[in-house]
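First the structure, in the form of structure tokens, and then the observations on it.
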Amino acid sequence: FSFKQYINPAIVRSFVHSLHHHHQIYRPLVKRSKAKIICFSGLIIFIQVMDQSNSSNPRVFMDLSIFDTPPQRLEIELFSQIVPKTAKNFRALCTGEAGIGQTTGKPLHYKGSFFHSFYHSFGAEGGDFENNNGTGGESIYGGTFEPELYRGSRSGPGVLMTVSQRHTNVIGSLFFLCYDHSPFLDGCSNVAFGKVVKGMETVIQLGKMGFARVQITDCGEVSVKPRSNSG
């Protein structure tokens, strides 16, 4: 399994050495939960023991134009096994299949919308296809829905997280595209629901730029090619 720590690399190296020689002690912990906080040598280390990736998860794409340059494609895996309602909402907002919104009267589609807020330390916010300023948008379920909170939801490079709609604890269409891990996004109503699996160079580019004019020029679902039985 993988881990992250936020205190002292030397402590982590010591912990990994201990883990290697005492794996039978920690194996039950790994099986019990997606994430666990462990105190080691008087310091707190966060251990992430489950990767949300799954071959059956849907994938979507977003073509991003930065300052009107030719679009760069992101391919995003959605964690439908863990947050099915959130994943379905984002997937449908990428395809536009849900039609017109009940509360906005706008097409339920990210295509043509802009990222409206940029936070140099951790990410960019988008998804307001109504007003392009963070005050609008809605889910495919009509208005908003409750976040699917789960243990182990963490921000990180290329992770997509929900954003509370209009300073409430409910979800609409707004989302964060994370450049890096941010404690600000962890442990609250922001839920990790996907991650960039192709196009991380674009995410890194955005992280270095700070502010940018970024438009979603196209988006949709990635067609998964069936595996060939030959050979």
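The values are calculated or read from the model by the stated rules, or taken from the named source; none is laboratory data. What you are looking at is a predicted structure, and each value in this text was computed from that prediction instead of being measured. Cβ coordinates were reconstructed from backbone atoms using ideal geometry, including for glycine residues, and neighbour counts include every protein chain displayed. Areas reflect the complete protein model, heavy atoms only, side chains present, ligands, DNA and RNA absent. Shrake-Rupley method; radii C 1.70, N 1.55, O 1.52, S 1.80 Å.
For this structure, a couple of remarks:
- Top-ranked residue in the range 91-118 [being open to solvent by 70 Å² or more (accessible area, probe 1.4 Å) and touching a residue at least 12 places away in the same chain (Cβ under 8 Å); ranked as nearest to His181 (Cα to Cα)]: Lys111
- Of all residues in the range 66-90, those satisfying the criterion of being open to solvent by 10 Å² or more (accessible area, probe 1.4 Å), farther than 22 Å from Leu149 by Cα and touching a residue at least 60 places away in the same chain (Cβ under 8 Å) are Phe67, Asp68, Pro71, Gln72, Arg73, Glu75.
- When the range 131-148 is limited to residues that are open to solvent by 10 Å² or more (accessible area, probe 1.4 Å) and within 29 Å of Lys208 (Cβ to Cβ), the one that is nearest to the chain's Cα centre (by Cα) turns out to be Gly134.
For every residue, the table says whether it meets (1) modelled with pLDDT under 95; (2) farther than 27 Å from Met200 by Cα; (3) among the hydroxyl-bearing types (Ser, Thr, Tyr).
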residue: Gly96; (1), (2), (3): no, no, no
residue: Gly101; (1), (2), (3): no, yes, no
residue: Lys106; (1), (2), (3): no, yes, no
residue: Lys111; (1), (2), (3): no, no, no
residue: Tyr119; (1), (2), (3): yes, no, yes
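- Candidates Asp218, Asp128 - the one that is acidic (Asp, Glu), modelled with pLDDT of 95 or more, in contact with a strand residue (DSSP E or B) (Cβ under 7 Å, 6 or more places away or on another chain) and open to solvent by 20 Å² or more (accessible area, probe 1.4 Å): Asp218
- For beta carbons closer than 6 Å, sequence separation of 6+ or different chains, a first residue in the range 191-210 that is in contact (Cβ under 8 Å) with a residue 40 or more places away in the chain and a second that is open to solvent by 10 Å² or more (accessible area, probe 1.4 Å) and of a type in the set (Val, Ile, Thr), the qualifying pairs are Ala192/Val159; Lys195/Val159; Val203/Val196.
- The criterion of at least 3 residues that are under 15 Å from Phe118 (Cα atoms) is met by the following strands (runs of 3 or more DSSP E) wholly inside the range 145-200: 159-164, 171-178.
A quick yes/no check of all residues on (1) within 18 Å of the chain's Cα centre (by Cα); (2) of a type in the set (D, E, K, R); (3) in a loop (DSSP other than H, G, I, E, B):
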{"site": "Ser80", "(1), (2), (3)": "yes, no, yes"}
{"site": "Thr86", "(1), (2), (3)": "yes, no, no"}
{"site": "Arg91", "(1), (2), (3)": "yes, yes, no"}
{"site": "Cys94", "(1), (2), (3)": "yes, no, no"}
{"site": "Ala98", "(1), (2), (3)": "no, no, yes"}
{"site": "Gln102", "(1), (2), (3)": "no, no, yes"}
{"site": "Gly112", "(1), (2), (3)": "no, no, yes"}
